[in-house]
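The values are calculated or read from the model by the stated rules, or taken from the named source; none is laboratory data. Owing to the predicted nature of the structure, the values given are computational and were not obtained by experimental measurement. Quick reminder, even Gly has a Cβ in these numbers, built from the backbone with ideal geometry, and neighbours come from all protein chains shown.
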Amino acid sequence: MPQNFWLAEGVSVGDGDEVVDSVADRLIKSQGYGLKIDGAAVSGLTGVSNSLAYRVHEIERHFHGRERWYGKLAVQTATDWADNNIATPYRCISGLNAYGTDANDEAKVIGTADTPVLLGWVKYDIHRILIVNSSSTSVWKLQVIYGTGTMAAAIAADQFSTLMVKVDAAAGQTPNVPCEVMMPRGTCASTQVWVRGWNATNDATLDFYVGWHEYEG
């Protein structure tokens with residue numbers, strides 16, 4: 001059978017003339033991919049963004065990274081909102097069956113000067129929130145907002161996650177363990193985080209701490 005038939009069908013292997021995207025071409029290329037996946041070191045988060053190795057390392061770092069916990073800086077500045085000293089928790093204040101919209105009802109949680117904690121690391125996300133006090137026993141909806149501009153701009157762009165908590169000691173509903181938070185990774189020294197609270201009681205208060213972890217790439 002003529003060689004050009006085999007080339008057309010993509011069956012010929014090993015002579016360097018494999019048809020692009022043929023079976024042979026894919027087999028030869030897959031040998032290199034297999035080595036990368038199972039038999040060679042990869043760069044992970046310091047390598048090519050969005051590559052398989054990058055994403056796998058991102059997931060691994062999320063579950064096995066170094067978590068840091070913070071409270072509110074006693075005197076917050078325009079860029080510095082968090083304090084390693086946990087003497088003061090963050091506080092958000094609700095509206096009447098709505099998010100609080102008065103000045104300072106939102107908790108300023110992470111400013112641009114608060115990250116990176118680990119020198120040279122470039123990404124972070126809030127992992128958990130620990131609730132320590134609530135003036136209301138009604139259900140809370142918390143809005144975790146993230147963005148590089150104003151809080152209002154971030155909300156308008158749908159840059160937030162929400163979670164529900166209920167604090168009622170008499171009913172045994174006190175979150176004495178941290179609540180999980182979901183949010184996309186932010187950029188250190190750029191992405192800020194705010195938290196707003198929604199409660200049935202106007203001007204209800206909720207006090208909390210946050211834990212976040214960072215990524216080297």
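Is there a residue in the stretch 166-180 that is surrounded by 15 or more Cβ atoms within 10 Å (Cβ to Cβ), of a type outside the set (Ser, Thr, Tyr), in contact with a Phe, Trp or Tyr (Cβ under 6 Å, 6 or more places away or on another chain) and more than 16 Å from residue 90 (Cα to Cα)?
Step one: list which residues in the stretch 166-180 are surrounded by 15 or more Cβ atoms within 10 Å (Cβ to Cβ), which gives 166-167, 174-175, 178.
Checking the rest, the ones that are also of a type outside the set (Ser, Thr, Tyr) come to 166-167, 175, 178.
In the following step, the residues that additionally are in contact with a Phe, Trp or Tyr (Cβ under 6 Å, 6 or more places away or on another chain) were identified as none.
Scanning the stretch 166-180, I find no residue that is surrounded by 15 or more Cβ atoms within 10 Å (Cβ to Cβ), of a type outside the set (Ser, Thr, Tyr), in contact with a Phe, Trp or Tyr (Cβ under 6 Å, 6 or more places away or on another chain) and more than 16 Å from residue 90 (Cα to Cα), so the answer is no.
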Evaluate the following for residue 194: is it at pLDDT 95 or above and under 14 Å from residue 125 (Cα atoms)?
-> yes
Somewhere in the stretch 118-125, is a residue more than 23 Å from residue 78 (Cα to Cα) and either surrounded by fewer than 20 Cβ atoms within 10 Å (Cβ to Cβ) or free of Cβ contacts under 8 Å to residues at least 60 places away in the same chain (or both)?
-> no
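How many residues does the stretch 176-201 contain that are of a type in the set (A, V, I, L, M), under 11 Å from residue 144 (Cβ atoms) and touching a residue at least 24 places away in the same chain (Cβ under 8 Å)?
Here is the first cut: in the stretch 176-201, the ones of a type in the set (A, V, I, L, M) are 177, 181-183, 189, 193, 195, 200.
Narrowing the set further to residues that are under 11 Å from residue 144 (Cβ atoms) leaves 181-183, 193, 195.
Add one more test, that the residue is touching a residue at least 24 places away in the same chain (Cβ under 8 Å), and what stays is 181, 183, 193, 195.
Total satisfying the criteria: 4.
Kindly indicate the residue of the stretch 126-144 that is among the hydrophobic types (A, V, I, L, M, F, W, C) and closer than 19 Å to residue 159 by Cβ and also surrounded by the most Cβ atoms within 10 Å (Cβ to Cβ) among those meeting that condition.
142
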Selected residue (only one of 204, 157 is surrounded by fewer than 16 Cβ atoms within 10 Å (Cβ to Cβ), among the aliphatic types (A, V, I, L, M) and touching a strand residue (DSSP E or B) at 6+ places or on another chain (Cβ under 9 Å)) | 157
Among the residues of the stretch 110-135, how many are outside any loop (DSSP other than H, G, I, E, B), among the hydrophobic types (A, V, I, L, M, F, W, C) and farther than 16 Å from residue 179 by Cα?
-> 1
Members of the stretch 137-175 found to be at pLDDT 95 or above and charged (D, E, K, R), listed by number | 141, 158
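Could you tell me whether residue 101 is without any contact (Cβ under 8 Å) to a residue 12 or more places away in the chain and exposed (fewer than 13 other Cβ atoms within 10 Å of the Cβ)? Give the steps one after another, and end with the answer.
Values: without any contact (Cβ under 8 Å) to a residue 12 or more places away in the chain: yes; exposed (fewer than 13 other Cβ atoms within 10 Å of the Cβ): yes.
Spelling it out, residue 101 is indeed without any contact (Cβ under 8 Å) to a residue 12 or more places away in the chain and exposed (fewer than 13 other Cβ atoms within 10 Å of the Cβ).
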